[in-house]
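Asks: Questions regarding the structure given below will be posed in turn.
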Amino acid sequence: MSAVWAMDQSRSSTRGLAFLGFPLMATLGGFLGLAFGRYRTSSDVSRRIGAWLGLAGTLALIWFNISGGFKEKTKNKGRDVTQAAFSAEISRDRDTITAALKANPGRERAWLDSSVRTRMTDRAFLLAALPNDSISPEVLDTLANSPDLNIALEAIRNKNTRPETLEHVYRTKTYPDYFFQALAAHHNTPPSVLLELYRRPRTITILDIWFAGNPSSPHEILDQISRTATDRSIIAALLENPSLDCGMLTNVAKTLMKTQNRDADNPNVARVAELVPTHCPGKATQ
């Protein structure tokens, strides 16, 4: 139990792997406990000594787990304090940027670009600035190539980021998976990149909702999603996509009809009925 508690203190994404060692740890603890219970009153001195050493080993194992758990809790508290301070700094920088942009009407882009270029090593300021529409594609291109994954990610999420910048990130980053969601959702991602991303083996399972909602997604992707999607959120995103056509709408309607008895409260059913007159006018009058 001490080992389970200690592992619960960890926030690591790989902490589940540690549970693989629990059977061995439990077996060792149980063996030492049984040895103590059996031999602690033995007439053989060596066995009695071994029994007490076994008890000491069990207690040491428990102490090791508890000590490690408390260390992890202390580490987490320190990280929380650091993160809270960093978030507060970003918030202050965001307010400063907003006020400065209002004070520079007509010069918003010039001011923000200049400020970013002079504070390229100020991580909090960059994260505060990057979601802003006033930042130029040229500056975004520079920041998209940052070795800091969070800075690069925020750069490619900006709506002003150019198609060539997005493709460069996709083809050159050593860990491209980190950017897949942003690339699948961005209106400026080149169709060739979207197709390649859609066809590649999935390392991220929720990408279809971003493809479905992206008006730049090639027809091939949207049509395939309209034929195969059963998730309500994915279908809802597709139904609001400006690139939706009658064929896709018909495919979605067929899917919904298959599940209508057990999915009567699905709001997508009503949405399909609303869209038919505008997307399939011929069918609406039949």
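The values are calculated or read from the model by the stated rules, or taken from the named source; none is laboratory data. As the structure is a computational prediction, the values presented were derived from the model and not from experiment. Cβ placement follows ideal geometry from the backbone for every residue including glycine, while neighbour counts extend to all protein chains displayed.
The rows are residues; the columns are (1) closer than 30 Å to Pro137 by Cβ; (2) at pLDDT below 80; (3) of a type in the set (Gly, Ala, Ser).
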| position | (1), (2), (3) |
| --- | --- |
| Trp63 | no, yes, no |
| Gly68 | no, yes, yes |
| Lys77 | no, yes, no |
| Ser91 | yes, no, yes |
| Thr98 | yes, no, no |
| Pro105 | yes, no, no |
| Arg109 | yes, no, no |
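Asks: Which pairs do you get when a residue that is on the phi > 0 side of the Ramachandran plot and surrounded by 17 or more Cβ atoms within 10 Å (Cβ to Cβ), found in region 155-180, comes within reach of a residue that is among the polar types (S, T, N, Q) and not in a helix (DSSP H, G or I), reach meaning Cβ atoms under 7 angstrom, with the pair 6+ apart or on two chains?
Replies: none
Asks: In addition: Pull up region 224-242, narrow it to residues that are in a loop (DSSP other than H, G, I, E, B) and of a type outside the set (Val, Ile, Thr), then point me to the one that is surrounded by the fewest Cβ atoms within 10 Å (Cβ to Cβ). Steps first, please.
Replies: Start the filter on region 224-242 by keeping residues that are in a loop (DSSP other than H, G, I, E, B), which leaves 229-231, 240-242.
Filter again for of a type outside the set (Val, Ile, Thr), leaving 229, 231, 240-242.
Working: Ala229: 21, Asp231: 14, Glu240: 12, Asn241: 19, Pro242: 7.
Taking the candidates together, the pick is Pro242.
Asks: When only residues in region 181-213 that are under 17 Å from Ser226 (Cβ atoms) and of a type in the set (A, V, I, L, M) count, which is surrounded by the most Cβ atoms within 10 Å (Cβ to Cβ)?
Replies: Among residues in region 181-213 that are under 17 Å from Ser226 (Cβ atoms) and of a type in the set (A, V, I, L, M), the one surrounded by the most Cβ atoms within 10 Å (Cβ to Cβ) is Ala212.
Asks: Looking only at region 255-286, how many residues end up being over 19 Å from Ser233 (Cα atoms) and either surrounded by 12 or more Cβ atoms within 10 Å (Cβ to Cβ) or modelled with pLDDT of 95 or more (or both)?
Replies: Residues in region 255-286 being over 19 Å from Ser233 (Cα atoms) and either surrounded by 12 or more Cβ atoms within 10 Å (Cβ to Cβ) or modelled with pLDDT of 95 or more (or both): 5 in total.
Asks: Counting just the residues of region 228-251 that are modelled with pLDDT under 95 and of a type in the set (D, E, K, R), which one comes out nearest to Cys280 (Cα to Cα)?
Replies: Arg232
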